[in-house]
Structures are given as C-alpha cells and as structure tokens.
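Encoded as structure tokens, the structure appears first; notes follow it.
Nothing in this text is a laboratory measurement; each read-out follows from the coordinates by a stated rule. These figures come from a predicted structure and were not determined experimentally. Cβ: placed from backbone, ideal geometry, glycine included. Neighbour counts: every protein chain shown.
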Amino acid sequence: MGTEIEERKYVRLPTFLEQGFSDLKREVVDKSICSLCGTCVAFCDKIRLDMGEGNNEVGVPEFGEDYDTVCGLCYTFCPRTFLPVSEIERRILGAESAEEDVLGIYKSCYAVRSKKADIKGQDGGAVTSLLAYALEEGMIDSAVITASDNQWKPIIKVAKNYEELKEGAGTKYTLYPSVVGVKEAMEEGCAAIGFVGLPCQIQGLRKVQTAEQPYDVGKEKIKLLVGLFCMENFTADLLEFIAKKYVKLENVKKVDIKGKEFLVSDDEGKVHAIPLEEIKDYIGEGCSVCMDYTAELADISVGSVGSEGGWSTVFVRTERGEEVVKGAIEKGYIEVNGIEDKGLGLIRRLGTKKKKANKI
Ligand SMILES: Cc1cc2nc3c(=O)[nH]c(=O)nc-3n(C[C@H](O)[C@H](O)[C@H](O)COP(=O)(O)OP(=O)(O)OC[C@H]3O[C@@H](n4cnc5c(N)ncnc54)[C@H](O)[C@@H]3O)c2cc1C
C-alpha cells in the first residue's frame, strides 16, 4: 500500500472491517509517515496518543488494548493509508482536478483582509474572521482551533464565541493532532462544528465524511473545513532549539516563514532570521509524503503566499465555503481584492515543488 496515497484514481477502496490497527501501524506508524493529524484518535476510543504534556513531543498513535479488534475505523480514516482524492473531489467539490494540478478545484479566489480591528491574524486574519462570521450567523456552533500557551506549545480549543476564536489567531509551526478537538466538540454536545487545520487534517476529516462505514461517528456534525496552505511542519524540538540558540519562547511574538528563512519576532521588535536549511532536521517525518500544498479538499483554503503582506490568500472551493465568504463580505467582516497572476504563479510553483519532492 506504500505508494497508494500518491494515486488519485484509486481502483478499489478497502472494505471497512478488512484492516485493523496492526495494519495501520505496519503501513503508516512503523514507516514514519504518520502526520500526527489526530484523526484516528479522535474517532476511536481504543487508540491513545501522547499529546506531549510537559513539553514532550507528541507521540505516535498506539493501540490501547492488548489485542487488535479489526474494526477498520482507524485504517479507513487515516489520510496516509490510502487517499481517494478523485472520489472525495467528485462527492464534495463536484469535479475532479488533474493529477498535476496544485491549486485544486475552486470557485473563486481572493486576497482577504479582516475588517475587525481586534483580530490580529498571521496574515490578513481571514481564517479568524471567516470563522467568526460563520459562528455569529449560526452556520456553526463551534470552531476547533489551535491556540498556544506562552511557550508556543499548541493547545486545542473548541471556540464557541468571538473572544475564544481570537485566541487561535496566528501560525504555530508545530505538529499537533488538532483533529482531536473535533472529538472534544462532539463530547461537549456541539452539532455544527467548524474546523481549521492543515492539509493532512482536512484529508482525514474528508475521509471521515465520505467513508461508507457501519459506525455512528457523528460525521454529519462536521459542517465547515477551513484548510491552511502547508509546505511542511516541524517537531516540538524546534521550539527548544529556538529557545536555546535565539530567544526565550515567552518573548516570542510571532513566527513566520518567508522565502528561505524562518522568522522569529520578539517583543523588543527584533526579528531572528533562521535559515530553513539550519532547521530542516526538525521537519516532521510524516510530512515527507504529503502531496497537498493548498489544502485541496477544504471548503475554504487560506495561505499567505500569493498576496501582499497583511493579506491572506483565500480559495473558495464549495458552496458552503462560498456562502461563508460572500456573507462575511456583506456583513463587513472582511474586505477582498483580486489575486494577481503573479501570485497564482508563485502558489503553483511552490505547490509543484512540494508535489515533486514528496513523490520521490
Ligand atoms: C504548519 C503550517 C505551515 C504553513 N505553511 C504555509 C506555506 O507554506 N505557505 C503559505 O502560504 N501558508 C502557510 N501556512 C498558512 C499561514 O501561515 C496562515 O496560517 C494563513 O495564511 C492564515 O492566515 P490568517 O491571518 O488568515 O489566519 P489567522 O486568522 O491568524 O488564523 C490562523 C488559524 O490557523 C490555525 N492554526 C495555527 N497553527 C496551526 C497548526 N499548527 N495546526 C492547525 N491549525 C493551526 C489556528 O487555529 C487559527 O485559527 C502554514 C500554516 C501552518 C500552521
């Protein structure tokens, strides 16, 4: 099954109940291609994962019992076992993209900036503003976001109002199983859940939504998926490295990647520019097989590349996504501009670079 995540035309999907956790362990965990997205843990009570309490690295999924029930849920939902991109695209996005396409299917794209003065986003604050609109209009009753503590360690949060949503703003370049937050939202009784996360996490949740399976996992409660562009993510060791060599983490105000540098801005206004080459060993091993740069399966995808500083690049992919973006414009949550061909060209170049590198 090793190369099947590369295949867009999947011939035969494994039948539910055919594979269990031992297959997932052999094909994904032992091959170090687990992305730590959290989907298996979110939907199966038998799987455990060390969430990195006490500043440790997040652990890989482990089976919590001494036998392997072949229920197939973890195997079926994992984005790294098999990924029927064309099937998901047909069912969710209404069309299929070409294999070499890196922008994916989309209805429209914009440069977006928040019109809410108190939203301090990573780029244009588009993600937080769009979720705020969806939440305040009742399209979702909660949004699973990834906030952080004062040491930049990610924290999952089920945001139910505007103030809580704002805590998620900003990029955390640390691998974290944010999909576990969907389970938390369901346990809290949420019935219309929004989620923001990385391409692997969106893939996992789309598999949950489209898998024909015999279990009631509450998939109908997942209403809106906002995906982030992603070239790669890093292990928590990177934070330790930054703290030792550059600046104390409690003094870090923002982290970003621009060109070939990882930029760490501190509270005195100094920007520590770390060459990406210097931190390449901290890139998550599971990122090495990901072919998705622009979160091609999301309702709305958001990144920084393609727009000017202070604006987010937004691809609207589904009707639901369109409803959110159009409504957010009308109600004054965001303002939009067009994306220039130069910007789209840059996104294509980076997406193609990722696909080529990871196909190898
Ligand atoms: C690991 C990572 C790699 C990225 N790589 C690229 C890239 O190569 N090119 C590019 O153009 N853009 C990339 N982005 C996206 C970019 O950094 C911004 O997140 C995006 O432009 C949205 O900005 P915003 O101001 O609209 O979002 P904001 O309003 O600031 O909201 C950001 C949202 O991101 C979520 N979030 C933050 N960190 C994580 C995380 N680790 N896991 C899951 N969710 C998280 C928060 O919950 C929050 O809701 C990356 C993001 C991440 C997390």
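Quick one, what does Rg over Rh come out to for region 272-350 if you take C-alpha atoms and the Kirkwood Rh? Numbers along the way, then the final one.
Values: Rg = 15.6 Å, Rh = 14.9 Å.
Dividing the radius of gyration by the Kirkwood radius yields 1.05.
Taking 4 °C and 1.567 mPa s as the conditions, I'd like the Stokes-Einstein D for region 263-304 in µm²/s, using the Kirkwood hydrodynamic radius from alpha carbon pairs. Walk me through the numbers on the way to the answer.
On the way: Rh = 13.4 Å.
Rounded, D is 97 µm²/s.
A cut-off under 9 angstrom between Cβ atoms defines the neighbours of LYS331, and their net charge, with Lys, Arg +1 and Asp, Glu -1, is -3.
222 nm [θ] for the chain, helices only, -39500 (n - 2.57) per DSSP H run of 4+, per residue, to 500? Please list the in-between numbers first.
Details: 11 runs with 94 residues, N = 360.
-7000 deg cm²/dmol, from helical runs alone.
List, in the order given, every pair from LYS244/LYS280; LYS166/LYS245; LYS153/LYS359; LYS183/LYS258; LYS183/LYS331 whose Cα-Cα distance in the structure shown is over 27 Å. Over 27 Å Cα-Cα: LYS166/LYS245; LYS153/LYS359; LYS183/LYS258; LYS183/LYS331.
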